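The values are calculated or read from the model by the stated rules, or taken from the named source; none is laboratory data. Since the model is a prediction, treat every value here as computed from it, not as a measurement. Please note: Cβ atoms are built from the backbone with ideal geometry, for glycine as well, and neighbour counts cover all protein chains shown. Ligands, DNA and RNA are excluded from the accessible area calculation, which covers all protein heavy atoms including side chains. Shrake-Rupley method; radii C 1.70, N 1.55, O 1.52, S 1.80 Å.
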Amino acid sequence: MPVDVLAISAHPDDVELTCGGTLAQLQARGYRFGIVDLTRGEMGTRGTAEIRAAEARRAAQILGAQFRESLDLGDGGLRQGRAEELAVIDVIRREKPRLLLTPYPDDRHPDHRRAGQLVTDASYYAGLRRLETAHPAHRPQQTVYFSTFDLQPPDFVVDVTPFIETRRAAMRAFASQFHDPGSAEPQTVLSQKDFLEAVESRARHYGLLIGVPFGEGFLSRRPPRVDDLVKAFEGFEPGF
């Protein structure tokens with residue numbers, strides 16, 4: 001069966017840190033989604049590719065993903081050649097998502113930038129009927145972007161308040177990457193003691209923008225349709 005949404009990012013844990021609450025919300029509403037990690041995260045300072053693969057499987061189960069797979073396009077130098085582009089195109093065609101979620105193609109981490117651009121291009125090329133791959137042409141309705149390290153002003157925000165515990169659990173599945181006072185591995189940005197608190201602060205900030213406790217922000221080239229303009233802004237000014 002086709003999925004409604006396909007989340008494609010550079011590394012295991014990217015999706016959980018950025019749009020995990022939204023995916024959990026979609027699953028609760030009956031939508032199907034899958035996750036594709038473009039690399040195995042093998043260049044990461046902490047853990048191993050095998051450990052991260054096990055963590056990724058656990059996180060996918062927590063969120064309710066239909067499937068999760070890795071394309072192994074090279075961590076710490078994500079490849080963007082024609083072969084890699086065709087691999088992403090064929091996954092899009094195989095799964096037939098209505099929406100793609102992927103990193104905004106401008107970020108501190110080159111792999112995030114490359115992932116966003118690769119997916120953006122593949123999304124368009126996947127709809128070219130004369131481009132032959134193992135599956136017939138399909139073009140998602142929209143490619144939607146999430147911020148990774150560098151924060152971008154969102155075009156819209158999804159209320160993930162009811163799913164914040166699921167989001168937290170999915171992030172914590174990647175124990176090898178985050179703070180562990182007993183670990184002898186080198187410290188990274190992610191393993192700092194306050195990192196997960198900072199990630200949650202971002203969700204609180206997005207939530208504040210729309211008048212709820214927690215949100216996740218997204219950008220898109222075309223704006224989403226608003227069917228009720230009044231309801232869209234309900235609760236933005238408490239007490240009035």
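Miscellaneous remarks
- At most 12 other Cβ within 10 Å, DSSP loop - trypsin sites (Lys or Arg not before Pro), the stretch 109-141: Arg129, Arg130
- A simple count of charges around Thr148, restricted to other residues whose Cβ falls under 13 Å of its Cβ and scoring Lys, Arg +1 and Asp, Glu -1, yields -4.
- Solvent exposure of the chain as accessible area per residue, Å², 1.4 Å probe: 52 Å²
- In the stretch 1-93, the trypsin sites (Lys or Arg not before Pro) that fall in loop regions by DSSP, at most 11 other Cβ within 10 Å: Arg29
- Inter-probe distance in nm under a simple model that places probes 7 Å from Cα toward Cβ, at Arg221 and Leu151: 2.7 nm
- Estimated purely from DSSP H runs of n ≥ 4, each contributing -39500 (n - 2.57), the mean residue ellipticity at 222 nm for the chain is -11500 deg cm²/dmol once divided by its residues.
- Model label zone, Ala28; criterion: amide N under 15 Å from point 7 Å along Cα-to-beta-carbon; scope the stretch 193-233: 212-216
- With R₀ set to 25 Å, the beta-carbon distance separating Glu165 from Glu234 gives a calculated FRET efficiency near 0.50.
- Accessible surface of the chain, 1.4 Å probe, proportion on carbon and sulfur as whole %: 52 percent
- Between Glu55, Glu42, Glu197, the residue with the greatest mean-square fluctuation in the GNM of the chain (Cα pairs under 10 Å linked by springs) is Glu197.
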